[in-house]
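One structure is given here, and the rest of the page talks about it.
Each value in this text was obtained by applying a stated rule to the coordinates, not by laboratory testing. None of these values were measured; they are calculated from a predicted model.
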Amino acid sequence: MTGPARRKPGGGSYLGPYTGSILLHLGLFALFGLGWVSWRSSAPPPEPRQLAIEAVVVDPQSVGVPTPEPEPEPQPALEAPPPPVPVRDDVEERRRAEALQRAEDQRKAQAERQAEAARKLEAERQVEADRKAEEARKAEAQRKAEEARVRAEREAELRRSIAAEERARAARASGAGAHWRDLIRARIESQWRRPPTAQPGIECEVQVTQVPGGEVVAVRILACNGDAAVRQSIEIAVMSASPLPPPPDPSLFERNLVVVFKPND
């Protein structure tokens, strides 16, 4: 047992002569261990020893020893069956899918038919609208053409009337109109038959309606100082004088001509 370690002056300690001895022993132990490990690794392994075993077969029945039953071979552990998987009715699912597909196809077909019907209806409406617009355009053009024709005819008739009136005015100024009226009055008086009730000094205004060619179509007594028999006799005379003498100038023709009937007494 060693005493307490001596301390260096200033607080340190030292082992003194024991330090070298301890280090020497540690080195020897390390060399010995390395040599022994090297020898064990290089030495050949010892041969196995053969042991002689003498055995005698003894019948268990002869000695009354029960023969142990052979142990059953271990059976492989059966795996637990998987949990039942719910069986899916594929036929019903397929039918449902087919029904849905048919319904979708029918919906699409119906939508397509409706769209086609709408397109046809729109096309028919457009054709009808175009037809009506064309008819309206033609009617408008025809109306304008008719208005232009009527206006042209009126203007032409007005020009003819103005020209005829100018010719008639010139003819009347020349005395031809008065001469034609004298001819008509003489023709009517030649056909008159005096009634017994007629008084002297008969003077009547007679409106004679004639057509071109002088045919009399109507007679009306306007003013007359004779009785009914005289009026009737004058009407008969005018109808008997038809056709009246034509004017010397066609511009002098008057459809409604007023003649003063004044027979010579």
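Averaging 1/r over each pair of different alpha-carbon atoms in the range 175-261 and inverting the result gives 13.1 Å, the Kirkwood hydrodynamic radius. Taking a straight line from the alpha carbon of residue 120, these lysines sit under 23 Å away, with near neighbours fewer than eight places off in the same chain left out: 108, 132. A simple rule links phi to the HN-Hα coupling: the Karplus curve 6.51 cos²θ - 1.76 cosθ + 1.60 with θ = phi - 60°, which for the range 179-184 gives 5, 5, 5, 5, 5, 5 Hz, with x for Gly and Pro. Scalar couplings 3J(HN,Hα) for the range 108-124, obtained by applying the Karplus form with A = 6.51, B = -1.76, C = 1.60 to θ = phi - 60°, are 5, 5, 5, 5, 5, 5, 4, 5, 5, 4, 5, 5, 5, 5, 5, 5, 5 Hz; x denotes Gly and Pro.
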